[in-house]
């Protein structure tokens, strides 16, 4: 692609489970190199109920087709609750379905997170989320099937996405820190899902303060998309995962 065209190095098509959080877009562009862009489609999850998650799954292939019509290079599905609702291995199955629908490579949030954890050799993690505990329990089971152990977890118990977005940015840091320090044995790292809370700027703070490695939904999305799209170069200021590119 020529300079000046959207995504002239890489154009990522992102399926968000809810209307796109503005901070997520801002922080994506703060982190990615010049020439990398994203186009988004939003699904219908208003609250983290099984009915809403099932409806979102039904709309993902249509969303992938819509993104393909905007000349994206790959599809990225964001949001882990609908995937872990379907059980172990569904992330890979969904990636195949989205790839077939769009005729493009596809990555799911859960699969990219697991890939990042394995690449960083993170076998035990503390996990902090704004979700209800039943979603945390599904995440724990899903990761356990991949031989990744959550040794300490905290769930804020919030169901509605609009309420998650109202959380002050430092809440993510505080909950993740407390959860990590509460683990009986020091975990290898910290996992923070959900694009509705926190900030990519919390990653490096947590890593420096706790001498650990942090995987979040956003650094995993950027890391896996750039690797799949063959955009090289370390990204500094946002933690170890992006610095490893």
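The values are calculated or read from the model by the stated rules, or taken from the named source; none is laboratory data. Computed from a predicted structure; not experimentally measured. Cβ atoms come from the backbone with ideal geometry, glycine included; neighbour counts cover every protein chain shown.
Report the residue count in segment 218-236 for those that are under 14 Å from the mean Cα position of the chain (by Cα) and part of a loop (DSSP other than H, G, I, E, B).
0
Among the listed residues 129, 124, identify the single one that is touching a helix residue (DSSP H, G or I) at 6+ places or on another chain (Cβ under 8 Å) and in the same structural domain as residue 182 (by TED's automatic domain parsing).
Numbers: 124 fails: touching a helix residue (DSSP H, G or I) at 6+ places or on another chain (Cβ under 8 Å).
Just a single option satisfies the conditions, and that option is 129.
Residue-wise test of (1) in contact (Cβ under 8 Å) with a residue 24 or more places away in the chain; (2) more than 16 Å from residue 111 (Cα to Cα); (3) surrounded by 19 or more Cβ atoms within 10 Å (Cβ to Cβ).
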residue	(1), (2), (3)
215	yes, no, yes
232	no, yes, no
238	yes, yes, yes
243	no, yes, no
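Given (1) assigned to a loop (DSSP other than H, G, I, E, B); (2) crowded, with 17+ Cβ neighbours inside 10 Å; (3) in contact with a helix residue (DSSP H, G or I) (Cβ under 7 Å, 6 or more places away or on another chain), identify the lone condition not met by residue 88.
Of (1) assigned to a loop (DSSP other than H, G, I, E, B); (2) crowded, with 17+ Cβ neighbours inside 10 Å; (3) in contact with a helix residue (DSSP H, G or I) (Cβ under 7 Å, 6 or more places away or on another chain), only one is false for residue 88: (2).
With respect to residue 64, is the statement that it is buried (at least 23 other Cβ atoms within 10 Å of the Cβ) and in the same structural domain as residue 28 (by TED's automatic domain parsing) true?
On the way: buried (at least 23 other Cβ atoms within 10 Å of the Cβ): yes; in the same structural domain as residue 28 (by TED's automatic domain parsing): yes.
Criteria met by residue 64.
Mind checking which residues of segment 38-81 are without any contact (Cβ under 8 Å) to a residue 40 or more places away in the chain and in a strand (DSSP E or B)? Step through it out loud before you land on a result.
We begin by selecting, within segment 38-81, every residue without any contact (Cβ under 8 Å) to a residue 40 or more places away in the chain; these are 38-44, 50-59, 62, 65-66, 69.
Residues satisfying the conditions are 38, 39, 40, 41, 42.
Does residue 99 qualify as being touching a strand residue (DSSP E or B) at 6+ places or on another chain (Cβ under 7 Å) and assigned by TED's automatic domain parsing to the domain that holds residue 15? So that I can check it myself, show each step before the final result.
Numbers: touching a strand residue (DSSP E or B) at 6+ places or on another chain (Cβ under 7 Å): yes; assigned by TED's automatic domain parsing to the domain that holds residue 15: yes.
It is true that residue 99 is touching a strand residue (DSSP E or B) at 6+ places or on another chain (Cβ under 7 Å) and assigned by TED's automatic domain parsing to the domain that holds residue 15.
For every residue, the table says whether it meets (1) within 18 Å of residue 90 (Cβ to Cβ); (2) at pLDDT 95 or above.
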residue: 109; (1), (2): yes, yes
residue: 128; (1), (2): no, yes
residue: 140; (1), (2): yes, yes
residue: 143; (1), (2): yes, yes
residue: 161; (1), (2): no, no
residue: 176; (1), (2): no, yes
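Please verify whether residue 26 is out of contact with any strand residue (DSSP E or B) (no Cβ under 9 Å at 6 or more places or on another chain) and either part of a helix (DSSP H, G or I) or under 27 Å from residue 198 (Cα atoms) (or both), treating the condition exactly as stated.
So residue 26 passes the test.
Just checking, does segment 196-211 include any residue being touching a residue at least 60 places away in the same chain (Cβ under 8 Å), within 15 Å of the chain's Cα centre (by Cα) and either more than 20 Å from residue 36 (Cβ to Cβ) or in the same structural domain as residue 77 (by TED's automatic domain parsing) (or both)?
So far as segment 196-211 goes, yes, one or more of its residues are touching a residue at least 60 places away in the same chain (Cβ under 8 Å), within 15 Å of the chain's Cα centre (by Cα) and either more than 20 Å from residue 36 (Cβ to Cβ) or in the same structural domain as residue 77 (by TED's automatic domain parsing) (or both).
Okay, residues lined up against (1) surrounded by 17 or more Cβ atoms within 10 Å (Cβ to Cβ); (2) under 16 Å from residue 193 (Cβ atoms):
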| position | (1), (2) |
| --- | --- |
| 69 | no, no |
| 82 | yes, yes |
| 95 | yes, no |
| 113 | yes, yes |
| 121 | no, no |
| 142 | yes, yes |
| 150 | yes, yes |
| 164 | yes, yes |
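Quick check on my filter: what residues within segment 126-139 are surrounded by 19 or more Cβ atoms within 10 Å (Cβ to Cβ) and without any contact (Cβ under 8 Å) to a residue 40 or more places away in the chain?
Once the filter is applied, which keeps residues that are surrounded by 19 or more Cβ atoms within 10 Å (Cβ to Cβ) and without any contact (Cβ under 8 Å) to a residue 40 or more places away in the chain, segment 126-139 yields only 136.
Yes or no: residue 145 touching a residue at least 40 places away in the same chain (Cβ under 8 Å) and within 18 Å of residue 84 (Cα to Cα)? Walk me through it before giving the result.
Numbers: touching a residue at least 40 places away in the same chain (Cβ under 8 Å): yes; within 18 Å of residue 84 (Cα to Cα): yes.
When the stated conditions are applied, residue 145 passes them.
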